[in-house]
1. By its C-alpha gyration tensor, with a ≥ b ≥ c as the square roots of the eigenvalues, how is segment 90-142 shaped: rounded for a/c under 1.5, else prolate for a/b larger than b/c, else oblate?
2. At a threshold of 8 angstrom on Cα-Cα distance, excluding pairs fewer than six apart, so keeping six or more, what relative contact order does segment 195-347 reach in percent?
3. Per the 1.4 Å probe, what fraction of the accessible area of segment 1-130, in percent, lies on carbon and sulfur atoms?
4. For segment 74-83, what does the Karplus curve 6.51 cos²θ - 1.76 cosθ + 1.60, with θ = phi - 60°, yield as ³J(HN,Hα) per residue in whole Hz, taken in order and with x for Gly and Pro?
5. Would you work out if segment 186-227 is rounded, prolate or oblate? Take a ≥ b ≥ c from the square roots of the eigenvalues of the alpha-carbon gyration tensor; rounded if a/c is under 1.5, else prolate when a/b is larger than b/c, oblate otherwise.
6. Short version: ³J(HN,Hα) in whole Hz for each residue of segment 299-310, in order, from phi by Karplus 6.51 cos²θ - 1.76 cosθ + 1.60 (θ = phi - 60°), x for Gly and Pro, what are they?
7. Determine, for the chain, the count of lysine pairs separated by eight or more sequence positions (or lying on different chains) whose alpha-carbon distance falls under 18 Å.
8. Is the shape of segment 1-118 best called rounded, prolate or oblate, per the rule: a/c under 1.5 gives rounded, else a/b larger than b/c gives prolate, else oblate, with a ≥ b ≥ c the square roots of the Cα gyration tensor eigenvalues?
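The values are calculated or read from the model by the stated rules, or taken from the named source; none is laboratory data. Remember, it's a predicted structure, so these values are computed and weren't measured experimentally. Cβ coordinates were reconstructed from backbone atoms using ideal geometry, including for glycine residues, and neighbour counts include every protein chain displayed. Please note that ligands, DNA and RNA were not included when accessible areas were found on the heavy atoms of the full protein model with its side chains. Shrake-Rupley method; radii C 1.70, N 1.55, O 1.52, S 1.80 Å.
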Amino acid sequence: MNPFTYQRPDTIAQAVTLLLRGGGDAQADQARPIAGGTNLLDLMKLGIMRPRMLADLNGLPMSGISLRKDGGLSLGALARNAATAYHPEVERRYPLLAAAILAGASPQIRNMASNGGNLLQRTRCTYFYDRATPCNKREPGTGCSAIGGLTKYHAILGVSDACIATHPSDMCVALRALDAVVQVVGPEGERSIAFEDFHRLPGETPQFDTHLAPDEVITRIDLPQADALAGHSSYLKIRERLSYAFALVSVAAALDLGPAGEIRDVRVALGGVAHKPWRVREAEQALIGGAPSATAFEGLAEAVLDGARGQGQNDFKLTMARRAVVRALELAHAGTVRNRSTVEEPA
Ligand code: SF4
């Protein structure tokens, strides 16, 4: 592991200053914030990330989960994933988010990983970890070993000739469906980033996973009021084993149904298929006002997967993703299955 300095700021402003001053020449060398460390420390041990300085954020007041005046919920960036999933307001009002978080990683990692860190975990593939192979994300300009290589886990949407990796988070798929907003602080003050704009597609610069500047700190994630979706949501994750595995395909689905059963709102976001959680709002709009049906769900699946293409070994995802969208919508339509039977529906 490369040598690095360690700082523990007392305020958010101090953290921003440390990150501003600690910048390295290359992305892998830049100063980094650390909270749970569940991804960053692995990458540092492997020499893939070599920050000159770590700013430990754990002493900052950013671990709360609180109600918002607009009826939504604020998730502190330092709140742990497990604490978020089991928070009564999340379980009761955002069961889609609770289910997605609990589908990810392992209990030990969820106990340690922070919400902000979940958003900042590296978009990656197995070649990214193997320093003996070319990887544009790890070493820009060296090439992509996955293209023409092993592609079972790789993307089918939004790819470029530079990178075909998939975003690994489950939590982020639900946050995309729920229209979350990421609140950050940097040298210029606070700013809000809509969740759909937070992560990037690879393009020609796959070394950048997000639009967060190196000297910005995530302070919280705001969830808009979404009680109408709470009764009909599902998170469907298809993977090769039942725990501690990334998704081959995952779907966060939610419906708001009117008194006659008509669709007033529908959300569908996919994981395991692109460099960021994938959602197509126009496809959802086509279902508004109509009846939930197999035909409607299949039409939405086709529209969401429009333009998808496989790399050969991952061609199965083209069919799997379409079927997963339909199945997730069917499950959502049947009613949310909650993690604990004591949780009541939102008033
Ligand atoms: Fe690297 Fe992306 Fe190619 Fe994987 S898919 S080898 S992360 S450039």
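1. prolate
2. Rounded, it is 23 percent for segment 195-347.
3. On the way: 2970 of 5560 Å².
C and S atoms contribute 53 percent here.
4. Computed from phi, the couplings for segment 74-83 are 9, 9, x, 5, 9, 4, 6, 4, 5, 4 Hz.
5. Note, shape of segment 186-227 comes out oblate.
6. After applying 6.51 cos²θ - 1.76 cosθ + 1.60, I find x, 5, 4, 4, 5, 5, 8, 4, x, 5, 8, x Hz.
7. On the way: Lys45/Lys137; Lys137/Lys276; Lys152/Lys237; Lys152/Lys276; Lys152/Lys317; Lys237/Lys276; Lys237/Lys317; Lys276/Lys317.
Going through the chain pair by pair, I get 8.
8. Since a/c reaches 1.5 but b/c is at least a/b, the shape of segment 1-118 is classed as oblate.
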